[in-house]
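The values are calculated or read from the model by the stated rules, or taken from the named source; none is laboratory data. If you're wondering where the values come from, they're calculated on a predicted model, not measured in any experiment. Cβ coordinates were reconstructed from backbone atoms using ideal geometry, including for glycine residues, and neighbour counts include every protein chain displayed.
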Amino acid sequence: MSGRVGLVTGGSRGIGRAVCLELARAGADVAFSYRSDEDAARATEAEVRALGVKTFRRPADVSDPKAVEDLVAQVFTAFGQIDVLVHSAGARAAWKPVRELTVEEWANYIAVDLHGTFHVIHAVLPHMHARGQGVIIALSSIAADMCQARNAQGAVAKAGVEALVRVLAREEGRHGIRVNAVAVGLTDTDMGREALSMWGAERAERVVRAIPLGRIARPEEVARMVAFLASEDGAYITGKIVQVDGGQFI
């Protein structure tokens, strides 16, 4: 991926951080956004730079379309191109039954996980159109298919993300732009560990034991799939939702 530029939202931690590093290992220059954790962002920036590529970081709230437009403009000014967009930014779910969710909790989650996906893609598409090429990868979740109790936020938002990916693949393929999603199961990130902790030791053990591969994912395993889809090896793949979940949803 030498000579290419990737933009990763939510790139300072978890899966987003792993994606930044994987793209850098493949030779791409990497720009990434983050919400507020400056220490984590600086650490990721240093790790990416140590791999011998250029890097760029900016804080951005993906639920704010103006902030996203500014981010994309800054990346384009710094690098002159955006070849790969990986949208990894996400919010924490409340894990409540629908009747207990507040309107604010619902709106805040949808603003980041669904509207944020639209904002970022919408801001990047004109640049990809101008060059006649590009790859867009959205991070989704098996929650879109599992429709678990107490996770209406995740189920609805990620189902919307996956529908958007399929529509975009139909619209943009003729313009040289591929669009896919990677749907993850339980992953060893802050959010994944919080979910397991919230469920309690007994339920968490039962959930992990039920995964056919017997463990949760490592962020770098998800990142390798993202990098594959972004590379020339994935050049004939578009409109797909690729599950990286250890068989958690079959």
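Numbers for the structure displayed
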quantity: All positions within the stretch 223-239 that are more than 16 Å from the chain's Cα centre (by Cα) and in a helix (DSSP H, G or I); calculated: E232, D233, G234
quantity: Residue in the stretch 147-155 that is closer than 20 Å to L229 by Cβ and of a type in the set (A, V, I, L, M, F, W, C) present; calculated: no
quantity: Extreme residue, nearest to F118 (Cα to Cα), among residues of the stretch 193-217 that are of a type outside the set (D, E) and in contact (Cβ under 8 Å) with a residue 60 or more places away in the chain; calculated: A195
quantity: Condition met for S63 (under 18 Å from G90 (Cβ atoms), assigned to a strand (DSSP E or B) and at pLDDT 95 or above); calculated: no
quantity: Unique match (being out of contact with any helix residue (DSSP H, G or I) (no Cβ under 7 Å at 6 or more places or on another chain), under 25 Å from Q133 (Cα atoms), of a type outside the set (D, E, K, R) and surrounded by fewer than 23 Cβ atoms within 10 Å (Cβ to Cβ)) among A73, A46; calculated: A73
quantity: Answer residue from the stretch 24-38, given it is outside any strand (DSSP E or B) and of a type in the set (D, E) and is surrounded by the most Cβ atoms within 10 Å (Cβ to Cβ) among those; calculated: D37
quantity: Residue count for the stretch 141-198, restricted to those that are within 23 Å of H129 (Cβ to Cβ), among the β-branched types (V, I, T) and not in a helix (DSSP H, G or I); calculated: 2
quantity: Of the criteria (1) farther than 30 Å from I250 by Cα; (2) surrounded by 14 or more Cβ atoms within 10 Å (Cβ to Cβ); (3) among the basic types (K, R), which one K66 fails; calculated: (2)
quantity: Any chance E220 is part of a helix (DSSP H, G or I), surrounded by fewer than 22 Cβ atoms within 10 Å (Cβ to Cβ) and modelled with pLDDT under 95; calculated: no
quantity: Conditions (1) at pLDDT 95 or above; (2) in a loop (DSSP other than H, G, I, E, B); (3) of a type outside the set (K, R): number failed by F76; calculated: (2)
quantity: Residue that is surrounded by the most Cβ atoms within 10 Å (Cβ to Cβ) [pool: residues in the stretch 128-140 that are among the hydrophobic types (A, V, I, L, M, F, W, C) and assigned to a helix (DSSP H, G or I)]; calculated: M128
quantity: Residue in the stretch 85-104 that is of a type in the set (S, T, N, Q), surrounded by fewer than 15 Cβ atoms within 10 Å (Cβ to Cβ), modelled with pLDDT of 95 or more and over 16 Å from the mean Cα position of the chain (by Cα) present; calculated: yes
quantity: Residue match in the stretch 188-208 (condition: of a type in the set (S, T, Y) and buried (at least 16 other Cβ atoms within 10 Å of the Cβ)); calculated: yes
quantity: Answer residue from the stretch 225-236, given it is surrounded by 15 or more Cβ atoms within 10 Å (Cβ to Cβ) and out of contact with any helix residue (DSSP H, G or I) (no Cβ under 6 Å at 6 or more places or on another chain) and is farthest from G3 (Cα to Cα) among those; calculated: M225
